[in-house]
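Data first, discussion second: the structure below is written as structure tokens.
Every number here is computed from the coordinates shown, using simple stated rules; none is lab data. Keep in mind that what you see is a predicted model, and the values were worked out from it rather than measured. Reconstructed Cβ throughout: ideal geometry from the backbone, glycine too, with neighbour counts over all protein chains shown.
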């Protein structure tokens, strides 16, 4: 490994301690090498062997077990008076500081960088108030199959959007790419931190939109609707009526029931027209032509004029599943008044059924 000798003297045969991915590495210097004069370390050439090297200079150290050494950490030399356990603890101190930034919940992205310093910079950026991306795992060096396996755990935790590796200034092995495609892990690479953030932000927006689209047909938005008596276009299967939005948000896909008639269900909002234009949502103060499509045989039998009429208020059915999906996918679309209506409708239904949702 390449090191910069900052202080002291290095000699062949000395015991050194460095931080490793799996823990401290204790090994013995087998050779100290420097390039030939006027040659760069990156250029392949015969190296000069040294019995000892004086600070300060760059040197290549040959020793066993250095494959998992963490770039950017300190290398310590054990002197006769030194306690080896203390050196191990000191060698890992920088890494422990970084590990402390991992999200305690175990949910978050996997972060990888070329050195400990660049990893620290990336973690600090992701932790900032402007970004706030949780991190569940870290690694240093090229992205390999083991890293992909670590990131794929987020699928099991029910957070597939976090099955992501943010790779800063490191290559990705072909085996890792293949495994990532198989396990559904998204690998993002960049050599500028902000570019990684932009990629992840765009990806999260895409994931959020997909989740919203999938949830749209299953979630009910809180709403109270009043039927306009002179706007009855079809009385049954489907029910097509004109309604005023009294409170909340009328949204396509919302399940509609009638509290005054024993909380009977009449179907889901299939479509709405506002000023002869199709709309997905309508808010208080607006009047729309609404098509309510029955989903069951019982709902298909509901008839305007027999089971309900314009004097009955129509409201959305707020199930536990629907409320949870609202919180997870549509929280920012509901006002405080809307959430108060959610609570009110939930309590009404609980009082009727006697069940707590």
| Rg [Å, one decimal], Dmax [Å, integer] - the range 101-215, C-alpha atoms | 13.2, 42
| remark: Listed with the fewest Cβ neighbours within 10 Å leading, 162, 203, 304 appear as 203, 304, 162
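With n ≥ 4 as the cut-off for DSSP H runs, can you work out [θ] at 222 nm for the chain, using -39500 (n - 2.57) per run divided by the number of residues, rounded to the nearest 500? Show your work: numbers first, answer last.
Working: 9 runs with 105 residues, N = 357.
Taking each H run of at least 4 residues, the total per residue is -9000 deg cm²/dmol.
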| task | Wrap a convex hull around the Cα atoms of the chain, take a quarter of its surface area, and give that in square nanometres. | result | 26.0
| How far is helix 193-216 tilted, in degrees, relative to the longest principal axis of the Cα atoms in the chain, given as a value from 0 to 90 rounded to the nearest 10? | 30
| Taking other Cβ within 10 Å of each residue's Cβ, how do 145, 186 sort, fewest first? | 145, 186
| message | To test your reading of the geometry: what angle, between 0 and 90 degrees and rounded to tens, separates the Cα axis of helix 116-127 from the longest principal axis of the chain? | response | 20
| task | Within 10 Å of each residue's Cβ, count the other Cβ atoms and sort 231, 223 from fewest upward. | result | 231, 223
| Over the C-alpha atoms of the range 223-353, what are the Rg and the largest Cα-to-Cα span, Dmax, in Å? | 13.9, 39
| Hey, any idea what Rg/Rh is for the range 19-100, computing Rh the Kirkwood way over Cα pairs? | 1.01
| task | Only Cα pairs under 8 Å and at least 6 apart count here; give the relative contact order of the chain as a rounded whole percent. | result | 11
| field | Per-peptide average of other Cβ atoms within 10 Å, ordering 207-215, 69-77 highest first | value | 69-77, 207-215
| message | What is the angle, in °, between the Cα long axis of helix 336-353 and the longest principal axis of the Cα atoms in the chain? Nearest 10 is fine, range 0 to 90. | response | 60
| Out of 37, 284, 222, any idea which swings most in a Gaussian network model of the chain, alpha carbons joined below 10 Å? | 37
